Amino acid sequence: MKKLLLGTALCFAALSSVAMAADVSACLITKTDTNPFFVKMKEGAEAKAKELGVTLKSYAGKIDGDHETQVAAIETCIADGAKGILITASDTSAIVQSVKKARDAGLLVIALDTPLSPADAADATFATDNFIAGELIGKWAAGKLGADAATAKIGMLDLAVSQPTVDVLRDQGFLKGFGIDLGDPAKWGDESDPRIVGHDITAGNEEGGRKAMENLLAKDPTINVVYTINEPAAAGAYEALKSIGREKDVTIVSVDGGCPGVANVKDGVIGATSQQYPLQMAALGVEAIKTWADSGTKPTPTEGKDFFDTGVKLITDAPVAGVDSIDAAEGAKLCWG
């Protein structure tokens, strides 16, 4: 009987060990849970987690820039025994200490969309090449204006005063694409080109975009080109311009390529936008955590880059020679897949 009981106990112990080994949990931490970009990211993570049998817990800041909530989420993920964390950091520098704590505890940490500062503070980054995304809309805007680009009046609607990496990369990419000399490419706001009316921040939402546009118009009401960090900010900028009857003669460009943003391209609200693929970013991230849990193998970056490039396409219904693009109808088929 003792042998039988011992054998049974060992069998249960072995089964328990297998169950524990197979139980993979992951965390998704986004900047907010209201921005459609992060909603789609969550959808991609949840679908892939269900497919792979991964337990996924999701967390988000109250607003874009809510660093403290993201720190608390990382602490919770560590305490819960998660195998990995996917994060779009609100403050890409300040979050590094918390990320290090997670990695030291054995978690795989993957930055989604927004590289950390420094980028190698995370185990990997799955993202759009945000500099190229900005460069595409900059080239398109310069091409659309033609000779008038030399005397453009540009309003820059950025994300936050902390200048997270995604904010800097898109901004600086746009300026380079437009043909403007950069100052320090690791930050925005130090350029000396007189065509730049100014920079203002939007928090990546429509109300922030409207207020920032109003601020810049008060500085120079002749602005005729507007760069926006994302499409909600672009929608707000458009409303501010519409309120003074200037929505028809100002070119707005943006980055995201979400379904509402592509619809705004079709409707003429946004002239061109660079389309990202957040659902794919998140799905690939969940796959990477499952692989890490199963084999200890970390993801590898795209050849020639220090991150895994999930791709970008320019969406516009007014193509410009020399700038590859697809139209809004095609963009609507691809939006955030």
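The values are calculated or read from the model by the stated rules, or taken from the named source; none is laboratory data. As the structure is a prediction and not an experimental result, all values here were calculated from the model. When we count neighbours, we look across all protein chains shown, and the Cβ atoms used for this are built from the backbone with ideal geometry, even at glycine. Remember, those area values only see protein heavy atoms, side chains included, never the ligands or the DNA or RNA. Shrake-Rupley method; radii C 1.70, N 1.55, O 1.52, S 1.80 Å.
Tabulated results
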quantity: The chain, relative contact order [Cα under 8 Å, separation at least 6], %; calculated: 18
quantity: Heavy-atom accessible area ranking, 1.4 Å probe, most first, across 75, 206, 135; calculated: 206, 75, 135
quantity: Gyration tensor over alpha-carbon atoms, the stretch 137-188, equivalent ellipsoid semi-axes in Å; calculated: 22, 10, 9
quantity: Average accessible area per residue (Å²) across the chain - probe 1.4 Å, nucleic acids and ligands excluded; calculated: 44
quantity: R0 of 51 Å, Cβ-Cβ distance residue 79-residue 302: FRET efficiency to nearest 0.05; calculated: 0.95
quantity: Charge dipole magnitude, Cβ of K and R +1, D and E -1 - the chain, Cα centre, debye nearest 20; calculated: 960
quantity: Residue-averaged [θ]222 nm for the chain, counting only DSSP H segments that reach four residues, each worth -39500 (n - 2.57); calculated: -14000 deg cm²/dmol
quantity: Values of log10 I(q)/I(0), in the order q = 0.11 Å⁻¹, for the chain under a Debye, Cα-only, solvent-free model; calculated: -0.68
quantity: Accessible area of the chain belonging to carbon and sulfur atoms, whole % at 1.4 Å probe; calculated: 56
quantity: Fully extended contour minus Cα-Cα distance, from residue 317 to residue 184, at 0.36 nm per residue; calculated: 44.6 nm
quantity: For the stretch 174-190 and the stretch 223-270, distance of Cα centres in Å; calculated: 21
quantity: Net +/- balance of residues flanking residue 132 in space, Cβ distance below 15 Å, scoring K and R +1, D and E -1; calculated: -3
quantity: For the stretch 191-231, Kirkwood radius (reciprocal of mean inverse C-alpha pair distance, Å); calculated: 10.7
quantity: The stretch 267-336: radius of gyration over Cα atoms, expressed as a fraction of 2.2 N^0.38 Å; calculated: 1.47
quantity: Rounded if a/c under 1.5, otherwise prolate or oblate - the stretch 173-283, Cα gyration tensor axes; calculated: oblate
quantity: Local electrostatic count at residue 288 - Lys and Arg +1, Asp and Glu -1, tallied over other residues with Cβ under 13 Å; calculated: +1
quantity: FRET E, pair residue 294, residue 57, Förster distance 30 Å, beta-carbon r, rounded to 0.05; calculated: 0.95
quantity: Summed residue charge, Cβ within 15 Å of residue 199's Cβ, Lys/Arg positive, Asp/Glu negative; calculated: -4
quantity: Those residues of the stretch 97-122 whose amide nitrogen sits under 20 Å from the label point placed on residue 72, 7 Å along Cα→Cβ; calculated: 97-102
